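S.K.: Please see the structure below; I have some questions.
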């Protein structure tokens with residue numbers, strides 16, 4: 001049948017073999033960990049390590065095979081047909097690899113395996129076997145999902161290497177019974193045009209690497225509980241936690257950058273359930289990191305440190321479940337649709353909740369008792385800060401989980417009606433709290449730090465911040481108490497942290513932490529400035545007063561060639577329509593008017609429509625970046641997509657007329673002057689015919705011009721040769737030749753002006769946001785580098 | 001009692017507050033009949049676009065409004081007004097999730113979310129259709 005079955009068979013084999021190896025590795029490591037003589041000379045260790053390495057090699061092989069079948073366009077494979085097409089450039093062929101569920105799980109498993117290999121050689125000898133046992137077990141659960149087995153008629157998981165004809169919906173399709181069916185499948189479905197973006201090339205793999213890295217705190221926690229050793233795990237796990245924080249954070253940022261650049265939701269973050277699901281593990285990572293630091297420095301808070309280290313991975317699996325099971329279908333714009341992965345993910349989730357639970361119960365009486373806490377100490381305020389983060393994540397995940405709760409309890413609760421406002425209102429006080437706690441915790445020392453003295457140190461920063469707040473209120477004119485509070489808390493935490501870096505260097509001791517904290521506060525400051533004060537400058541200028549109910553007058557109609565004001569400063573003109581193979585671009589020229597009333601050109605933006613027949617078209621925004629603001633524009637409507645009005649014609653009249661008739665249309669008078677046909681003298685051949693008519697077009701003062709549309713039939717095919725008069729803006733078409741002598745069905749239409757509707761927004765100071773993100777990431781990198789260096793030494 | 005206990009209690013209180021406020025702020029998935037009984041109250045309604053009646057959008061006169069007809073899950077059809085431009089591929093949508101109020105027998109939607117079978121993952125049925133078309 002012309003199918004290439006070998007790569008698929010290899011792929012199936014690699015996955016099956018990887019699963020068996022991971023399963024055996026898990027058993028061997030569990031066995032080794034349970035033995036009393038679990039040390040470097042145990043014979044089981046190298047055996048388990050070989051199995052784990054084999055599993056990793058098999059996953060790499062499966063990944064390469066999948067890339068191979070995508071790159072050579074073997075559309076007999078379901079995954080290839082579904083997510084790629086011949087026209088994709090090689091970079092985006094990589095995107096196809098993880099565009100589907102199966103591919104992205106494979107990537108997750110691969111990353112986790114590679115990190116596992118790293119752990120295998122780097123983790124402390126004492127905890128190595130239990131750590132590897134847990135990682136191997138997680139591998140088993142991940143690989144089962146892409147094995148795609150049928151247990152008692154229940155589909156469990158889904159394999160990336162199944163053939164198109166083997167899928168459940170095609171198995172009985174007679175189309176595939178045709179032995180030449182492949183010749184009919186000329187191209188794949190293609191990648192969603194929205195995903196064909198530079199950021200999107202990096203967002204999923206980075207996010208998955210971040211997700212994969214969270215297995216490390218989880219595995220170390222179980223190992224610590226298993227060996228009843230609550231201390232050893234902290235040293236190696238802290239840099240790994242920062243590593244996940246960095247990578248997952250980067251993944252989230254890339255996603256935000258993509259949403260900002262490619263989606264017309266108009267923003268970086270929209271509290272969409274899918275976004276929330278990946279933010280929660282990040283917040284939990286931050287909380288866990290602080291508990292771990294307290295445990296390591298002060299020998300206390302072991303229980304929360306262990307608990308949160310475990311929670312991160314549980315919420316990573318939960319995020320996978322939320323986004324992949326289709327349960328969010330009615331609440332998220334991302335909705336990835338239901339799939340066979342929901343059941344195995346649920347089993348994975350439940351197992352990885354029960355497993356740590358057992359270990360916690362076994363250890364419950366053995367946790368070291370913590371001493372009476374001291375309010376004037378750094379650890380106390382770090383503890384509070386971590387708790388605030390925990391509550392903040394709880395609020396996010398609870399609201400996001402409503403569809404799950406609906407399903408569990410049969411409720412019919414829909415998410416908050418104004419989602420963004422609801423989350424913002426809740427999270428704003430948390431952000432204020434975190435910013436203030438950053439200052440307090442950093443100015444105290446671990447242990448007892450003498451209360452009054454430490455409190456005086458940030459006094460100067462406090463005064464500077466108050467002055468800046470007053471300036472901010474004065475300049476921005478936004479007198480909102482909540483915003484003012486947030487602004488103050490953030491600016492205070494930035495200035496106090498800077499003060500700490502320069503004046504009180506000795507107090508901090510940990511530059512990386514201070515830098516990360518500055519980055520965090522600057523980032524949130526950027527969010528506040530750019531999104532709380534974004535300004536919509538497009539206006540509905542149609543002049544229709546729609547009353548208060550319809551105050552959403554943000555859509556602006558632009559007619560090609562006309563210059564209309566946009567906002568206070570600019571004038572805008574839709575000047576050009578550029579048609580590319582897969583993108584329709586609309587050139588908007590931004591102008592200003594000088595005192596003489598002359599227009600001065602500044603720049604052009606190109607909001608566009610990405611075309612994709614199979615996946616649906618999508619509007620793409622276009623943004624002009626300035627140092628202090630972004631001008632963000634996108635289309636909300638264009639007639640270019642309506643095939644009926646491809647010519648943008650509006651019919652004025654359609655009428656049957658005979659030679660000599662006169663008809664009136666709004667501005668002109670039309671006289672049907674003559675009709676001649678090249679078949680007139682010969683025998684009439686209805687398959688080959690050419691009829692030309694002459695119509696006299698008179699305007700109101702009596703001037704006239706001629707229109708001569710043609711109706712041509714060649715070998716049975718009708719060809720309309722319309723006549724268009726530029727001056728009058730009239731288009732003539734002979735729709736039909738009537739059976740009556742010298743009579744035609746004439747259609748007169750008017751070309752509509754080319755017009756589009758846009759929205760335009762200004763995001764002030766959005767660069768502050770990027771700067772903050774950059775500083776925060778830099779802080780994480782320094783932290784990892786310092787700790788790794790210490791370990792190496 | 002340790003200070004930490006006070007703090008933990010405080011945190012539990014905030015968490016319960018989060019739950020209550022979520023439920024309080026939440027709407028309910030409902031239908032036109034229910035919404036008509038409580039005019040002015042906001043509901044979320046899931047329905048299907050009546051494609052035959054089409055989508056009315058007069059871009060020239062008012063680019064900020066469209067109107068169309070939706071049949072809810074109970075089979076009741078109502079006119080819907082939405083303040084915005086016509087969403088891309090609206091006619092191809094599978095399901096429409098709307099938030100809004102009933103006013104004079106017209107549902108005024110403040111937001112609409114389209115569920116297009118083709119947008120992010122392919123619907124099984126449409127896959128099959130495509131094959132037939134290609135053959």
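S.K.: Indicate the gyration tensor shape class of region A:707-770 (rounded, prolate or oblate), computed on the Cα atoms with a ≥ b ≥ c the square roots of the eigenvalues: a/c under 1.5 is rounded; otherwise a/b larger than b/c is prolate and the rest oblate.
M.R.: Prolate, because a/c is 1.5 or more and a/b exceeds b/c.
S.K.: If I take R0 = 45 Å and measure r between the Cβ atoms of residue A:502 and residue A:50 in this structure, what FRET efficiency does the formula 1/(1 + (r/R0)^6) give, to the nearest 0.05?
M.R.: E(calc), rounded to 0.05, equals 0.30.
S.K.: To the nearest whole number, what is the average tally of beta carbon atoms from other chains within 10 Å of the beta carbons of peptide A:388-396?
M.R.: On the way: counts 2, 0, 2, 8, 2, 0, 5, 7, 1.
The per-residue average across the peptide is 3.
S.K.: Based on the mean of other beta carbon atoms within 10 Å per residue, what is the order of A:753-762, B:104-113, most packed first?
M.R.: Result, highest mean Cβ count within 10 Å first: A:753-762, B:104-113.
S.K.: By count of other Cβ within 10 Å, fewest leading, how are B:24, A:724 ordered?
M.R.: The most exposed by this proxy come first: B:24, A:724.
S.K.: Take peptides A:404-412, A:138-146 and line them up by average Cβ neighbours within 10 Å, highest first, as a rough protection proxy.
M.R.: A:138-146, A:404-412
S.K.: For the pair residue A:569 and residue A:754, what calculated FRET efficiency results from E = 1/(1 + (r/R0)^6), where r is the Cβ-Cβ distance and R0 = 30 Å, to the nearest 0.05?
M.R.: E between residue A:754 and residue A:569, to the nearest 0.05, is 0.70.
S.K.: Which length gain, in nm to one decimal place, applies between residue A:89 and residue A:729 when the Cα-Cα distance is subtracted from 0.36 nm times their residue separation?
M.R.: Contour length minus Cα-Cα distance gives 226.1 nm.
S.K.: What number, in nm² with one decimal, is the all-direction average of the projected area of the convex hull of the alpha-carbon atoms of region A:346-411? Show your work: numbers first, answer last.
M.R.: On the way: hull surface 27.6 nm².
With the hull built on Cα positions only, its mean projection is 6.9 nm².
S.K.: Two decimals is fine: what's Rg over Rh for region A:436-544, C-alpha atoms, Kirkwood radius as Rh?
M.R.: For region A:436-544, the value is 1.14.
S.K.: Per residue Cα convex hull volume for region A:452-516, in cubic angstrom?
M.R.: Details: hull volume 6.1 nm³, N = 65.
Taking only Cα atoms, region A:452-516 has a hull volume of 94 Å³ per residue.
S.K.: Compute the relative contact order of region A:363-511 as a whole-number percentage, counting only Cα pairs closer than 8 Å that sit 6 or more residues apart in sequence.
M.R.: That works out to 29 percent.
S.K.: Over all directions, how big on average is the projection of the convex hull of the alpha-carbon atoms in region A:567-613, in square nanometres?
M.R.: 3.8 nm²
S.K.: Going 7 Å from the Cα of residue B:110 in the Cα-to-Cβ direction, what parts of region B:70-101 have a backbone nitrogen less than 11 Å from that spot?
M.R.: Flagged as within label range: B:99-101.
S.K.: Looking only at other chains, what is the average number of their beta-carbon atoms within 10 angstrom of each beta-carbon in B:10-18? Don't skip to the end; give the middle numbers.
M.R.: Numbers: counts 3, 6, 1, 1, 9, 5, 0, 3, 8.
For this peptide, the per-residue mean of nearby foreign Cβ atoms is 4.
S.K.: When you look at the Cβ of every residue in A:188-200, what mean number of other chain Cβ atoms sits within 10 Å?
M.R.: Shielding by partners across A:188-200 averages 1.
S.K.: Which distance in Å, rounded to a whole number, links the C-alpha centroids of region B:81-115 and region A:434-505?
M.R.: Between the Cα centres of region B:81-115 and region A:434-505 lies a distance of 46 Å.
S.K.: A further question follows. Any idea what angle helix A:459-476 forms with the longest principal axis of chain A, computed on alpha-carbon atoms, 0 to 90 degrees, nearest 10?
M.R.: 10 degrees
S.K.: Right, another one. Convex hull volume of the Cα atoms in region A:1-85, per residue, in Å³?
M.R.: Output value, Cα hull per residue: 90 Å³.
S.K.: Specify whether the C-alpha gyration tensor of region A:346-473 places it in the rounded, prolate or oblate class, a ≥ b ≥ c being the square roots of the eigenvalues: rounded for a/c under 1.5, otherwise prolate if a/b is larger than b/c and oblate if not.
M.R.: Oblate.
S.K.: Rounded to the nearest 500 deg cm²/dmol, what is the calculated helix-only ellipticity per residue at 222 nm for the protein assembly as shown, with -39500 (n - 2.57) per DSSP H run of length n ≥ 4?
M.R.: After summing the helix terms and dividing by residue count, I get -16000 deg cm²/dmol.
S.K.: Right, something else. Seen from all sides and averaged, what is the projected area of the convex hull of the Cα atoms in region A:172-329, in nm²?
M.R.: That works out to 13.6 nm².
S.K.: Follow-up. Kindly provide log₁₀ I(q)/I(0) values, in the same order as q = 0.18, 0.20 Å⁻¹, from the Debye equation applied to equal alpha-carbon scatterers of region A:66-105.
M.R.: One equal scatterer on each Cα of region A:66-105 leads to -0.37, -0.46.
S.K.: What is the list of residues in region A:84-111 whose amide nitrogen lies under 14 Å from a point 7 angstrom out from the Cα of residue A:187, following Cα to Cβ?
M.R.: A:84-89
S.K.: Give me the one-decimal Kirkwood hydrodynamic radius in Å for region A:50-162, with the sum taken over alpha-carbon pairs.
M.R.: Taking every pair of different Cα atoms in region A:50-162, averaging 1/r and inverting gives 15.2 Å.
S.K.: Next question, about the same structure. Across 10 Å bins from the origin, how do the percents of Cα pairs in region A:673-793 run, short distances first?
M.R.: Computed distribution, short to long bins: 10, 24, 15, 9, 6, 6, 9, 10, 8, 3, 0.
S.K.: What's the exposure ranking of A:579, A:639, going from fewest to most Cβ atoms within 10 Å?
M.R.: Ranked by crowding around the Cβ, least crowded first: A:579, A:639.
S.K.: Just for the Cα atoms in region B:1-115, what are the lengths along the principal axes, largest first, rounded to whole Å?
M.R.: That works out to 69, 29, 25 Å along the principal axes.
S.K.: Distance in nm between label sites at residue A:481 and residue A:656, each 7 Å beyond Cα in the beta-carbon direction?
M.R.: Reported label-point gap for residue A:481 and residue A:656 is 7.7 nm.
S.K.: Along each of its three principal axes, how wide is the spread of alpha-carbon positions in region A:439-484, in whole angstrom units, largest first?
M.R.: 43, 18, 12
S.K.: Also, I was wondering about something else. What number results when the radius of gyration of region A:143-238, computed over Cα atoms, is divided by 2.2 N^0.38 Å?
M.R.: Compared with the compact-globule rule of thumb, region A:143-238 sits at 1.77.
S.K.: Please work out whether chain A counts as rounded, prolate or oblate from its C-alpha gyration tensor, where a ≥ b ≥ c are the square roots of the eigenvalues and a/c under 1.5 means rounded, while otherwise a/b larger than b/c means prolate and anything else oblate?
M.R.: oblate
S.K.: Let me ask something else about it. Using label points projected 7 Å from each Cα along Cα→Cβ, tell me how many nm separate residue A:701 and residue A:36, to one decimal.
M.R.: Each label point lies 7 Å from its Cα, and together they span 11.5 nm.
S.K.: For residue A:122 and residue A:4, calculate 0.36 nm times their separation in residues minus their Cα-Cα distance, and state this gained length in nm to one decimal.
M.R.: Here the answer is 38.3 nm.
S.K.: Still on this structure: Report the residues of region A:717-746 in range of a label on residue A:710: point 7 Å along Cα→C-beta, backbone N strictly under 17 Å from it.
M.R.: A:717-725, A:732-737
S.K.: If you don't mind, another one. What spacing in nm lies between the two simple spin-label points modelled at residue A:462 and residue A:351, each 7 Å away from Cα in the Cβ direction?
M.R.: Result for the modelled spin labels: 5.4 nm.
S.K.: If r is the Cβ-Cβ distance from residue A:774 to residue A:628 and R0 is 25 Å, what FRET efficiency results, to the nearest 0.05?
M.R.: Using R0 = 25 Å, I get an efficiency of 0.90.
Only the coordinates and a few stated rules stand behind these numbers; no lab work does. These figures come from a predicted structure and were not determined experimentally. Every residue, glycine among them, receives a Cβ derived from its backbone with ideal geometry; neighbour counts consider all protein chains shown.
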